[in-house]
Amino acid sequence: MKLLAKSLAAASLAACAVSAAPAIAQVQGRIATVDVTRAIIGTSALQTAYNQVSTTYSAQIETRRAKNEQRQTLLQGFDTNNDNEVNDAELQAAQSSPQFAQLQTLEQEIAQLSNQIDSARVYAIEQIFAQYPTSVQEVVTQQQIQMVFTPGSVLYAPPAADITQQVTTSLNTKVPSVQIVPPAGWQPSRQGVQLFQDIQQTLVAAQVLQQRQQAAQQGNQQSPKAARAGTRTRGGRA
């Protein structure tokens, strides 16, 4: 239902953009797009904060890693048909075992550790985002932009319309650094959590793309070597 609602909302936005095209064409000034996720990822404050989280919360990160390994070991014990998956029947059968209670305890501990680590990152993101509207307004004023859209709300926009980098530059000036240890009683906002999730997805996607590119480059480097080896072999036989 949520996916359908989101699709309908996107379709409505597209329809409005098409119907409003003649009016937009009459606007005097630039029309721009800005991606809040990329704008925040590009800031030096976020990059520094993420590095600091890895250092400050290194004990929690290492403990979480170790507990994840324990969890995987327990799950392997529940995999009675050895298909590397624990299905509902196997999980149901394991509920009466002492190991299942241990698994639940581990999952709670992992969630608590993840909450500490992720909260530090959300806290850093919220501090940067607090200056995001001001930075957008600054770039809009400087470049005499009349309308700003998110990339997902337009069917097409030329690369020159993207002001994300300019917004990042403004954020770097306004937020040179952030804190990573939330104060007592702090609670993350819904928008901060959503931004964190979007940033994590973007970073993971970029990492996967980089790994694929590296694998492709290694494959291209090995192919000529294999071809040359095959040529030498054929030459020797001749």
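Any chance the stretch 117-125 includes a residue that's hydroxyl-bearing (S, T, Y), within 30 Å of A59 (Cβ to Cβ) and modelled with pLDDT of 95 or more?
yes
Being farther than 30 Å from P182 by Cβ, in contact (Cβ under 8 Å) with a residue 24 or more places away in the chain and either loosely packed, with under 14 Cβ neighbours inside 10 Å or out of contact with any strand residue (DSSP E or B) (no Cβ under 6 Å at 6 or more places or on another chain) (or both) is the requirement here; does Q95 meet it?
No; evaluated as a whole, the condition is false for this residue.
Would you point out the residue of the stretch 161-177, among those that are open to solvent by less than 80 Å² (accessible area, probe 1.4 Å) and of a type in the set (G, A, S), that is nearest to I125 (Cα to Cα)?
The selected residue is S170.
Answer yes or no: is there a residue in the stretch 211-218 that is touching a helix residue (DSSP H, G or I) at 6+ places or on another chain (Cβ under 9 Å) and part of a helix (DSSP H, G or I).
no
State the number of residues belonging to the stretch 42-82 that are modelled with pLDDT under 95 and β-branched (V, I, T).
2
Give the stretch 83-92 a look and list any residue that's out of contact with any helix residue (DSSP H, G or I) (no Cβ under 6 Å at 6 or more places or on another chain) and either modelled with pLDDT of 90 or more or crowded, with 16+ Cβ neighbours inside 10 Å (or both), or say none.
Answer for the stretch 83-92, where residues must be out of contact with any helix residue (DSSP H, G or I) (no Cβ under 6 Å at 6 or more places or on another chain) and either modelled with pLDDT of 90 or more or crowded, with 16+ Cβ neighbours inside 10 Å (or both): there is none.
Cβ-Cβ distance below 7 Å, separation of 6 or more or different chains: which pairs start in the stretch 71-82 with a residue that is under 13 Å from E107 (Cβ atoms) and open to solvent by 80 Å² or more (accessible area, probe 1.4 Å) and end on one that is modelled with pLDDT under 90 and not in a helix (DSSP H, G or I)?
Between residues of the stretch 71-82 that are under 13 Å from E107 (Cβ atoms) and open to solvent by 80 Å² or more (accessible area, probe 1.4 Å) and residues that are modelled with pLDDT under 90 and not in a helix (DSSP H, G or I), there is no close pair.
Enumerate the helices (runs of 4 or more DSSP H) found wholly within the stretch 93-174, keeping only those where 2 or more residues are hydroxyl-bearing (S, T, Y) and over 20 Å from the mean Cα position of the chain (by Cα).
Helices (runs of 4 or more DSSP H) meeting the threshold: 132-142, 164-174.
The values are calculated or read from the model by the stated rules, or taken from the named source; none is laboratory data. What you see is a predicted model, and the numbers here were worked out from it, not measured in a lab. Cβ sites come from the backbone with ideal geometry, for glycine too, and all protein chains shown count toward neighbours. These area figures cover heavy atoms from the full protein model, side chains too; ligands, DNA and RNA do not enter into them. Shrake-Rupley method; radii C 1.70, N 1.55, O 1.52, S 1.80 Å.
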